[in-house]
Amino acid sequence: MKRSKGMSQVKLCFLMSVCLLFILTWTAEGKQAETDQVPGRTMARQATKAKALWSTTDHSKHEALQQAFKSGEEITRACLSCHSEAGSQFRKTIHWTWLGDSDHSDKKFGKAGHSLNNFCISTNKWQDKSCSSCHPGWNATVGEINCLVCHSQKEINWTEALEDFQAFVDSDDPEDLELAKEIQEGILESVQSIGRPTRKNCGSCHFYGGGGDGVKHGDLDSSVTKPNKALDVHMGVDGQNFQCTRCHTTKAHNIAGRIYSKPASPDRRSLIEDDLTPKIMCESCHSSKPHKFGSKVNDHTDKVACQSCHIPAFARVNPTKMWWDWSKAGNTKDGKHYKRKGAFGKYDYLSYKGEMKWEKNVKPEYFWFNGSINTLTVKDIIDPSQIIPVSAPVGSRADDNARIFPFKVHRGKQPYDKVHKILLTPLLSGKDGYWTTYDWQRAFAKGMESFSLPFSGEFDFVETTYVFPTTHMVAPKDNVVACSECHIKKEGRLANLAGFYMPGRNSFKLLDMAGWTVIIASLLGVILHGLGRIFTNGKRKGE
Amino acid sequence: MAVQKMNNIYLYTRYERFWHWLQMVFIFILLITGLEIHGVYALFGFERAVEIHNFTGISWLIAFAFFVFWVFTTGEWKQYIPTTRKMLEVIRYYSYGIFKGESHPVPKRKDAKHNPLQRLTYLSLAAFLLPIQMVTGFLYWGYNSWTDWGFGGLPLGLVALVHMAGAFAIFSFIIVHVYMTTTGHTIFAHIKAMITGWEDVEEGVEIEEWERAH
């Protein structure tokens, strides 16, 4: 009997240690497996393994491109002499029209339509010429397409080069002619270096939207021209080195991406499900269950966008503009308009624009998002007692297509008509523009005139918000948002998303109070009982 | 108080002891990680806490199936049949007699391991509280499959509420249970019995027919 007693003790200890070891090794193994390939990564690598993109043509050998170009239009004609459909294709795209799809006949979405923002507010139907510097036409006008801005791998200042060439080419001075020859060589080099758009091509507009580097997007600025892997795992030059078009699948010059109310991709399919699906969604290459099998994060993908965890912060290298207060514009110092530099060497005050705030390493704000964005137009009536969402993500928890998605929210103050209760679109550039006249009345009158809308003459400024979905600057897997940044009682990243129970964030106060009361009562109870035994019955204890 | 002669009897079988301590490990881990997930403190980190909690919970669920098998095939379930007989005496003992050094009104026997209070408590645990924790825990774990399982309309908050209430109840039980182990004839007598299987019980007290499990 005694022997078996000892044996069972040993066995019990053994069993318990096995049990503990099992738990410990299992959790340790979980950590180790993460460094290995997860299904979503394997799939994406497979989808993009052919890294060398090749071309069947060398544009420097094309006869059409061996000529002395005098103007942009001549260059475009040369391009279209081979690419016969490119022009008509491109003119139908949003890159050219600056008009998005619209359900309303009287409200047209787009920069060239009625849409507004809280930066330079509106292009005033092309009347604000400074906006057109990003229009892909020659000389910043809407005239003839400039193919080079997107397709030339040798960017030069074409307008200046062509003007200079024209100035020198007809001269009698041999020195001028020599100069003209040199300029033309530069032009030709640029014209003959043709390829698919690179990050630099796309970035020449998209990194500088709003009038400067990183003004608009928090996840797109000049740092993405040559990013490292730490800044963007996909585009990192020391990694996959993706160009924009790798994900922004293009059909007949229509480049995939969200367009106002139209989601970038209406369905979330992977290339396995549909090999011609645009590669614009993470799911396209990574599938909707990209993490290790059985991993809890896979359970999140139905409600949380990949970007929410994989982009812990935007503007990680260059700062981005977070605040633009037009109401402060027009101040003078010593009777003169002025500029003042603040943090990061960026202007925090400009007389002609107002007050700015710049931030770096910004934590996104999170909203339900189904891929559409509601953008306010110049025709929409506003309630100036509220903060006006000039653009806001569409989606809710009940929407199966919606995910919790990270956004840059650009805040600011912009003018509105106190009588008509609509946002005002001042004309900024040109002789009647605010930047020349510092005269709001004239700028508003001219701006609203371009829309054939009335301006009452009474204006004030109202606080507004504008959102940018954050989808670039995907960080390496070691730099993801930790579970506890959302699953936490206070000040979590998802603190403002209400209407659902989230473990770690939510609790029932009454139950917690009752529960802890019971626990404390139990403890007090046994302590008192124990003390009672010690004091009343010490003799028995010593037995 | 008369000194009673003690008899050393084999009270808990090997599997029973193993189950008890395995369950202790499970509950201990689940309570520690569960409270962390609830946001009471940070210890393992939320992610790791969830991993451990889920793994332990599922393990317990599997192990519990073996316990159910054991308790029915061995007839040990009869030890858990609730009774009110001598219930008042037991309550009186713990609230009064124990301070006077009286003997336990229902001493342990091989075929009557639990006093009426224990029977009720352990039955509530094994047949009610633990299954509730297991069901709500399993539901919690399978949250993403609720629509497939036909519980699409069930709010997660409700499951979380019941699971948390159960956790508080178990926590409270642990406190009292651990304390009660010290109420044997020596402080560690009961714990020793649960480790070795052998317990010293007072000699001479007859067990009545109703107390017998076999």
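Contact map, segment A:166-195: residues that are under 18 Å from A:GLN66 (Cα atoms) paired with residues that are among the hydroxyl-bearing types (Ser, Thr, Tyr) and open to solvent by 90 Å² or more (accessible area, probe 1.4 Å), Cβ distance under 8 Å, separation 6+ or inter-chain. No pairs are found.
Go through B:ALA49, B:ALA65, B:ALA42 for me and flag whichever is under 16 Å from B:GLN23 (Cβ atoms) and either polar (S, T, N, Q) or free of Cβ contacts under 8 Å to residues at least 60 places away in the same chain (or both).
Values: B:ALA49 fails: under 16 Å from B:GLN23 (Cβ atoms); B:ALA42 fails: under 16 Å from B:GLN23 (Cβ atoms).
Just one listed residue meets the conditions, B:ALA65.
One residue stands out in segment B:133-169 among those that are of a type in the set (Ser, Thr, Tyr) and open to solvent by 70 Å² or more (accessible area, probe 1.4 Å): the one that is farthest from A:HIS300 (Cα to Cα), namely B:THR147.
Filtering segment B:27-48 to residues that are within 9 Å of chain A (Cβ to nearest Cβ) and either assigned to a helix (DSSP H, G or I) or among the basic types (Lys, Arg) (or both) leaves B:ILE29, B:GLU36, B:ILE37, B:PHE46, B:GLU47, B:ARG48.
Residues in segment A:465-514 that are facing another protein chain (nearest Cβ under 8 Å), on the phi > 0 side of the Ramachandran plot and among the hydrophobic types (A, V, I, L, M, F, W, C): there are none.
Residues that are open to solvent by less than 40 Å² (accessible area, probe 1.4 Å) number at least 1 in the following strands (runs of 3 or more DSSP E) confined to segment A:255-361: A:320-325, A:347-350, A:354-359. Of all residues in segment B:80-89, one or more are in contact (Cβ under 8 Å) with a residue 12 or more places away in the chain and closer than 17 Å to B:MET194 by Cβ.
Specify which of the listed residues (A:LYS111, A:LYS129, A:LYS70) is without any contact (Cβ under 8 Å) to a residue 40 or more places away in the chain, open to solvent by 50 Å² or more (accessible area, probe 1.4 Å) and among the basic types (Lys, Arg).
On the way: A:LYS129 fails: without any contact (Cβ under 8 Å) to a residue 40 or more places away in the chain; A:LYS70 fails: without any contact (Cβ under 8 Å) to a residue 40 or more places away in the chain.
The match here is A:LYS111.
Pairs linking a residue in segment A:255-267 that is free of Cβ contacts under 8 Å to residues at least 40 places away in the same chain to a residue that is surrounded by fewer than 17 Cβ atoms within 10 Å (Cβ to Cβ) and of a type in the set (Val, Ile, Thr), with Cβ atoms under 8 Å and 6 or more positions apart or on different chains, are A:ALA256/A:THR250.
So if I check each of A:VAL474, A:VAL526, A:VAL481, which one is in a helix (DSSP H, G or I), farther than 30 Å from A:ASP417 by Cβ and of a type in the set (Val, Ile, Thr)? Give the steps one after another, and end with the answer.
On the way: A:VAL474 fails: in a helix (DSSP H, G or I); A:VAL481 fails: in a helix (DSSP H, G or I).
Being in a helix (DSSP H, G or I), farther than 30 Å from A:ASP417 by Cβ and of a type in the set (Val, Ile, Thr) holds for just one of A:VAL474, A:VAL526, A:VAL481, which is A:VAL526.
So which of A:VAL467, A:VAL394 ends up being of a type in the set (A, V, I, L, M) and crowded, with 20+ Cβ neighbours inside 10 Å? Walk me through how you get there before you give the answer.
Values: A:VAL394 fails: crowded, with 20+ Cβ neighbours inside 10 Å.
Being of a type in the set (A, V, I, L, M) and crowded, with 20+ Cβ neighbours inside 10 Å holds for just one of A:VAL467, A:VAL394, which is A:VAL467.
Scanning segment B:191-209 for residues that are modelled with pLDDT under 85, surrounded by fewer than 18 Cβ atoms within 10 Å (Cβ to Cβ) and outside any loop (DSSP other than H, G, I, E, B) yields B:TRP198, B:GLU202, B:GLU209.
The values are calculated or read from the model by the stated rules, or taken from the named source; none is laboratory data. Because the structure is a prediction, the values reported are computed rather than measured. Because the Cβ atoms are built from the backbone with ideal geometry, glycine has one as well, and the counts that use them run over all protein chains shown. We work out accessible area using only protein heavy atoms, side chains counted, and drop any ligands, DNA or RNA first. Shrake-Rupley method; radii C 1.70, N 1.55, O 1.52, S 1.80 Å.
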